[in-house]
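Worksheet for the structure shown next.
The values are calculated or read from the model by the stated rules, or taken from the named source; none is laboratory data. Because the structure is a prediction, the values reported are computed rather than measured. Glycine also receives a Cβ, built like all others from the backbone with ideal geometry; neighbour counts cover every protein chain displayed.
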Amino acid sequence: MNAVAVRVVTDSACDLSLDMAAQHGVEVVPLTVRFGDEEFVDRRDLSPAQFWERLATSTVLPETAAPSPGAFEEVFSAAAESGCPGVVCITISSALSATCQAAQLAAGNVAGTIPVEVIDSRAVTMAEGNVVLGAARVAAEGGTMADVVAAARQLVPRTRTFAALDTLENLKKGGRIGSAQALLGSMLSIKPIIEVADGKVEPESRQRTRARSLRYLAEKVRQAQPVADLAVMHGAAPDVGTLLDLLGEFHRRDQILVGDVGAVIGTHAGPGVVGVTFTVAGDK
C-alpha cells in the first residue's frame, strides 16, 4: 500500500483473514482470547481452525478481551511515522465490545500527531469486514480522509447480518439461557436465527431443523435482492457448502466471499454457526 495513502485500521472481530487484510492494506489490531489461564492473541497465536479444535475439548467457555488503547496507539503512531496523512479505524459494534472505546482513547492520545477517525461499524464478523473493505478500496484509490470516512459511514446502515446457531450449548455455558431451555431446544432440534440490528444481537426467528435454517438464511438474501458484498461466514460448519449452493441459485458463486468465524464471535455463537451478511441499496 502507498505510504501516503490514508490508513485503514480495524480489529480482529471483523474476521478478515490476515492475508486478505494485508492484500487490502488494512492493519488489524487483535483482541485476546483466554481459555482458563491460557491467553492467546486472536489469529496470531490462535487461528480459527485451532480455536474450534480447542473449543471442542475445552470444559470451560473461553473469554475474549478488547485490545488496550495502547495497542491501537502503537498502530496509529506507526502510520504517522510512515508519512500517512490520517487513519480511519473501523471497529466491532460498541454495543458488544469495549474495542471502540479503546480506539477512541488512543485516537485522543495521538491527536497532535496524526488525525484519526474512529467509526463504530455497528456490526460483527464479516459485516464489519465488508465495511472495512469498502473503506480500504477508497483509500487504495487515493481517496482523502473525508472520502474514506464517507465510504465507511454510508455502508454502516446498509449492512445486514443473519446467522443460524447450530447449538445452544455456548449460550448455556455463557449464562445467556438456562440449562432447561438449552436441553429443550436440543430435544426439539430448534435452531435459533439471530440478527444484528442497530449494533446488537437480537433473536430473529426459530427454525425446527438445520436444513430449514440454511434455507431460511438463503431466503433472507433472496428477498433482499439485489444485494452487494455478499459474504458467508461459518465456524467449522461442515455444511457451509449447502448454503453456498442455495445462494448460488440466484447469486453468482464467484461473487460470494467466504470467511471463517474466529474466536471473538465463535466464543458466543458456538461451533457450526453459519451466517450471511450483505449490503442493501441505499433506499432499502
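A few comments on the model shown:
- For the stretch 122-162, the set of residues classified as in contact with a helix residue (DSSP H, G or I) (Cβ under 6 Å, 6 or more places away or on another chain) and not in a helix (DSSP H, G or I) consists of Arg122, Val124, Thr159, Thr161, Phe162, listed by residue number.
- Scanning the stretch 66-121 for residues that are out of contact with any helix residue (DSSP H, G or I) (no Cβ under 8 Å at 6 or more places or on another chain) and among the hydroxyl-bearing types (Ser, Thr, Tyr) yields Ser77, Ser82.
- Leading residue by the ranking (modelled with the lowest pLDDT) among those in the stretch 153-172 that are out of contact with any His (no Cβ under 9 Å at 6 or more places or on another chain) and farther than 22 Å from Asp120 by Cβ: Lys172
- Evaluating Arg253 against the criteria (1) more than 21 Å from Val132 (Cβ to Cβ); (2) surrounded by 22 or more Cβ atoms within 10 Å (Cβ to Cβ) leaves one unmet condition, (2).
- The set of residues in the stretch 103-151 being surrounded by 24 or more Cβ atoms within 10 Å (Cβ to Cβ), of a type outside the set (Val, Ile, Thr) and within 19 Å of Ala80 (Cβ to Cβ) consists of Ala103, Ala106, Ala135, Ala136, Ala139.
- Matching option when the condition is in the same structural domain as Glu117 (by TED's automatic domain parsing), within 28 Å of Val274 (Cβ to Cβ) and surrounded by 23 or more Cβ atoms within 10 Å (Cβ to Cβ), among Ser47, Ser93, Ser12: Ser12
- Qualifying residues in the stretch 42-66 (those that are of a type outside the set (Asp, Glu) and in contact with a Ser or Thr (Cβ under 6 Å, 6 or more places away or on another chain)) - the one farthest from Cys89 (Cα to Cα): Pro62
- Residue in the stretch 55-62 that is modelled with pLDDT of 95 or more, over 14 Å from the mean Cα position of the chain (by Cα) and outside the structural domain of Ala197 (by TED's automatic domain parsing) present: no
- The criterion of at least 1 residues that are under 14 Å from the mean Cα position of the chain (by Cα) and at pLDDT 90 or above is met, among helices (runs of 4 or more DSSP H) falling completely within the stretch 173-284, by 263-269.
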